[in-house]
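Trainee: My questions all concern the structure below.
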Amino acid sequence: MDFTDLYINGDWHKSDSGERFDVVNPATEKCITSVASASVADADAALDAAEAAMKDWAARTPRARSEILRRAWELMTARLDHFAHLITLENGKAGADARGEAAYAAEFFRWFAEEAVRADGMVTHAPASGARIIVQHKPAGIAVLVTPWNYPAAMGTRKIAPALAAGCAVIIKPAAETPLTMLALMPLLEEAGVPPGLVNVLPTRSAGPLVSHMMQDPRVRVISFTGSTAVGRKLLHAAADQVLKPAMELGGNAPLIVFDDADLDVALEGAMVAKMRNLGSACTAANRIYVHEAVAEEFTRRLAEAMGKLKVGDGTDPTVDVGALVNADTRDKVAAFVEDAVSRGAKVEVGGKAPEGKGYFYLPTVLTNVPETAECVHDEIFGPVAALQSFSHQEDVIRRANATEYGLVAYVFTQDMKRGMQVCERMDYGMVGLNRGLVSDPAAPFGGMKQSGLGREGGHEGMLEFMETQYISASW
Ligand code: NAP
């Protein structure tokens, strides 16, 4: 396989330490290839390259930056199958999920090509002195980007595109399980016209020391992280030492509420998307499904039927709906959540086990009567398990939906738009899907409240995460 070394200053390098690590196909448990493991000396080389590249890039016109991003979108869109295949190989997800991710990932280049020319400022009169207040945005500086394994392409492009639009250089540390997709994107960015050193990729087996070393370098001004809340907290502590601008996209524990007046066809379709997109390995995955008792029986029956029909297997087979979880730990964690819920009184309607044989698969599962004490009510399941509870009163379900430290996304299904909007506004969540099981959109601000994070990606806000606001007080 090509592109398995470190990508620094527009070139491929062995690691300074000579170390490499294996990347495994979760569907076969076989090694795909090995990649170079970056050391702190490699990080220093990447920082030097980023510093040099950013001087020229930040001075280019927004239009010049925009056109390169636009070209990246065109090239990636023309090669979706290539990227989808790579995503499936290293992450395990089914072909349709991988293709969906590749298209979503490419869209960030188009969206931020459009945003690059819209870093609006402001001019106004100071009310008391009459001086002009001029507000403008400047590139913040070198950004360190750390991404998870569940979306090997999109979690990277959702950071790279706005950073480049803003005028910043970046060093990206992809997840150790899935570094290949991000490395494969680099020749495409070169072809689009991204200059050497502007985007550097450092896979590593030593995430903690490598990222912490870069965060201590005064040239770095932004730490943009997507991953677990536990690691996000550590990085926020480290960011405090250098007062770095943090952007944190962390864990979720999404409630999905089906009211008795919901259109059940819509609710079912929404629940399948919110639960099964990316086989449940998504921060946006519906983790707790609350169904009004009047429709609980029908909803459960139909959801179990739909889940039971899904074909599980190697995602390179185009007839497969549900691929493999990324590694044995993730699969075992999903199995443990199910065992725990069952031991506390939950009932398995369908699935409930890992199939025999090779690969980190878990059968699509529906659990009912999941008690509030079950671990999966409080932690991310991150797998294909729908955990259902019933409710009878609106106030009670709002309280239960908000009773978590997380606040990324919630889903509400009702045909009464007055009720729908009232409930949405009372959700302590950064995003709410109303009669929709999908909220991710490059044009919308993606992000969480509470311990689901700080800052927003996508939308108009996404580029501002990589910019500083400067105010000039002027008289003339
Ligand atoms: P993770 O364990 O937090 O890892 C995420 C990234 O951080 C990986 O690149 C990892 O490297 C790196 N990392 C681990 N320890 C680190 C440290 N001490 N210092 C610096 N970097 C470190 O998360 P994950 O298991 O890959 O991903 C799943 C989590 O991501 C879930 O909680 C999910 O909800 C969250 N997520 C959130 C969003 C969002 O937008 N809010 C989107 C997707 C996923 P290694 O791979 O080498 O460990």
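Values quoted throughout were computed directly from the atomic coordinates according to the rules given, and no laboratory measurement underlies them. Computed from a predicted structure; not experimentally measured. Here Cβ is always computed from backbone atoms with ideal geometry, including for glycine, and neighbour counts include all displayed protein chains.
Trainee: Kirkwood Rh, Cα Rg: Rg to Rh for the stretch 254-441?
Mentor: When Rh is taken as the Kirkwood radius, the ratio is 0.95.
Trainee: Give me the extension gain from Trp476 to Asp44: residue separation times 0.36 nm, minus the current Cα-Cα distance, reported in nm with one decimal.
Mentor: Computed gain between Trp476 and Asp44 is 151.0 nm.
Trainee: Oh, and also: Take every DSSP beta bridge whose two residues both sit in the chain, then give the antiparallel share in percent to the nearest 5. If you can, show how the numbers build up before the last one.
Mentor: Details: 30 of 67 bridges.
Percentage antiparallel, nearest 5: 45.
Trainee: Where a Cα-Cα gap under 20 Å defines reach, which lysines qualify for Lys30, not counting those fewer than 8 residues away within the same chain?
Mentor: Output for Lys30: Lys93, Lys358.
Trainee: Looking at Leu325, Gln389, Gly270, which one has the Cα that reaches farthest to the positive end of the dipole of the chain (charges on Cβ: Lys, Arg +1; Asp, Glu -1)?
Mentor: Gly270
Trainee: Roughly how large, in nm² to one decimal, is the mean projection of the convex hull of the alpha-carbon atoms in the chain?
Mentor: 23.6 nm²
Trainee: Also: Can you tell me the mean projection area, over all orientations, of the convex hull of the stretch 197-337's alpha carbons? Units nm², please.
Mentor: Details: hull surface 49.3 nm².
Here the figure is 12.3 nm², rounded to one decimal.
Trainee: Same structure again: Quick check: the distance between the Cα centres of the stretch 19-64 and the stretch 297-373, to the nearest angstrom?
Mentor: First find each Cα centre; the distance between them is then 35 Å.
Trainee: Also, I was wondering about something else. Want the number for Ala126 to Ser212: 0.36 nm per residue separation, take away the alpha-carbon distance, what's left?
Mentor: Separation in residues times 0.36 nm, less the Cα-Cα distance, equals 26.8 nm.
Trainee: Here's a follow-up. Taking amide H positions as placed in the peptide plane 1.01 Å from N, state which residues far from Thr178 in sequence (5 or more) or on other chains have amide H under 5 Å from it.
Mentor: Counting only residues 5 or more places away or on other chains, the set is empty.
Trainee: For the stretch 254-441, give the magnitude of the charge dipole about the Cα centre (Cβ charges: +1 Lys/Arg, -1 Asp/Glu; no others), in debye to the nearest 20. Before the final figure, lay out each step's value.
Mentor: Working: 19 positive and 29 negative charges, 40 e Å.
The calculated dipole for the stretch 254-441 is roughly 200 debye.
Trainee: Explain nothing, just compute: Karplus ³J(HN,Hα) = 6.51 cos²θ - 1.76 cosθ + 1.60, θ = phi - 60°, for every residue of the stretch 235-249 in order, whole Hz, x for Gly and Pro.
Mentor: Those phi angles translate into 5, 5, 4, 5, 5, 4, 4, 10, 6, 6, 6, x, 10, 10, 10 Hz.
Trainee: Which of the listed residues, Ser224, Gln415, Leu202, is farthest toward the dipole's positive end in the chain, when Lys, Arg count +1 and Asp, Glu count -1 at the beta-carbon?
Mentor: Farthest towards the positive pole: Ser224.
Trainee: Loop only per DSSP, at most 14 neighbouring Cβ atoms within 10 Å: give me the trypsin sites (Lys or Arg not before Pro) in the stretch 263-309, ordered by residue number. Don't skip to the end; give the middle numbers.
Mentor: Details: sites: Lys275, Arg277, Arg288, Arg301, Arg302, Lys309; in loops: Lys309.
Answer in residue order: Lys309.
Trainee: So if R0 is 51 Å, what FRET efficiency would Gln136 and Lys418 give, r being the distance between their Cβ atoms, rounded to the nearest 0.05? Spell out each step's value before the answer.
Mentor: Values: r = 42 Å, r/R0 = 0.82.
For R0 = 51 Å, the calculated efficiency reads 0.75.
Trainee: If you find the alpha carbon centre of the stretch 240-295 and of the stretch 101-169, how far apart are they in angstrom?
Mentor: 26 Å
Trainee: Straight-line reach from Lys347: which lysines have Cα under 24 Å away, leaving out those fewer than 8 places along the same chain?
Mentor: Straight-line reach from Lys347, under 24 Å: Lys275, Lys309, Lys311, Lys333.
Trainee: Further, regarding this structure: What Kirkwood Rh does the stretch 130-253 have if only Cα atoms enter the pairwise 1/r average? Answer in Å.
Mentor: For the stretch 130-253, inverting the mean 1/r across all distinct Cα pairs yields 15.1 Å.
Trainee: Roughly how big is the chain's charge dipole about its Cα centre, with Cβ charges of +1 (Lys, Arg) and -1 (Asp, Glu), in debye to the nearest 20?
Mentor: So the magnitude is around 800 debye.
Trainee: With the Cα gyration tensor of the stretch 423-476 giving a ≥ b ≥ c as the square roots of its eigenvalues, does the rule (a/c under 1.5 for rounded; else a/b larger than b/c for prolate; else oblate) give rounded, prolate or oblate?
Mentor: Judged from the Cα gyration tensor, the stretch 423-476 comes out prolate (a/c at least 1.5, a/b above b/c).
Trainee: For the stretch 79-122, what is the largest minus smallest coordinate of the Cα atoms on each principal axis, given in angstrom and ordered from greatest to least?
Mentor: Reported extents, whole Å, longest axis first: 47, 16, 14.
Trainee: Read phi for every residue in the stretch 376-385 and hand back ³J(HN,Hα) as whole Hz from Karplus 6.51 cos²θ - 1.76 cosθ + 1.60, θ = phi - 60°, with x for Gly and Pro.
Mentor: Residue by residue, the stretch 376-385 yields 5, 7, 10, 10, 5, 6, 6, x, x, 10 Hz.
Trainee: So which lysines can Lys245 reach, going by Cα to Cα under 27 Å and dropping same-chain residues fewer than 8 places off?
Mentor: Excluding near neighbours in sequence, the set is Lys55, Lys138, Lys159, Lys173, Lys234, Lys450.
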